[in-house]
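Take a look at the structure below.
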Amino acid sequence: MSPALARTALVVMVVGLAAAACSSSGGPLGQQARAWAQTTGWAATVRQLQDDLHRLSGLGQDTAGARRTVCDVLVTDALSANQQLPTPDRALTRFLSDAYTSAADAGRGCFSGSVPLSTTTARADSAAADLVRAQARYDSLTTTLPGAS
């Protein structure tokens with residue numbers, strides 16, 4: 001086998017293994033979602049972002065330094081959470097991606113001070129709402145209650 005053909009075969013094999021790892025053949029979707037959440041530490045991530053969003057909403061007339069710190073932490077946590085995506089479920093991934101984007105946008109606007117407080121608050125509220133949607137979607141995927149879909 002020529003070196004070029006061997007490299008091509010290796011690339012095809014690696015791509016195939018990656019696709020297989022990302023496919024839905026790893027068991028029922030609920031099991032995949034539970035495994036993803038446990039592996040990524042998703043519950044702690046959601047709690048942290050909710051705390052960050054709460055701190056942002058309680059800033060009021062704090063000093064610029066305190067405001068920038070709270071906002072910078074929110075951006076950092078949102079970007080870090082985004083690294084956990086994708087999830088095994090498209091809807092869950094979409095809710096989380098939207099939440100993380102809104103949270104990072106709120107934090108950036110707050111940090112720079114260039115965005116009106118009402119816009120920052122609206123983005124933070126949107127992030128919080130998407131986190132609730134994501135939690136509801138996760139619960140619907142992983143519930144073992146009779147009659148749940």
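What follows draws every value from the coordinates through simple rules; no lab data is involved. This structure is a prediction, so every number in the text was calculated from the model and none was measured. Here the Cβ is made from the backbone with ideal geometry for all residues, glycine too, and neighbour counts use every protein chain on show.
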Determine the sum of side-chain charges near Thr45: Lys and Arg each +1, Asp and Glu each -1, restricted to other residues whose C-beta is under 14 angstrom from that of Thr45. -3
Cα centre as origin, Lys/Arg/Asp/Glu Cβ charges: the range 28-142 dipole, Debye: 120
More than 22 Å apart - percent of Cα-Cα pairs taken over the range 28-142: 31
Could you list Arg90, Arg68 in order of exposure, starting from the residue whose Cβ has the fewest other Cβ atoms within 10 Å? Arg90, Arg68
Where does the range 68-114 land on the Kirkwood hydrodynamic radius, alpha-carbon pairs, in angstrom? 10.8
The range 28-142: relative contact order in percent, alpha carbon pairs under 8 Å with at least 6 residues between: 32
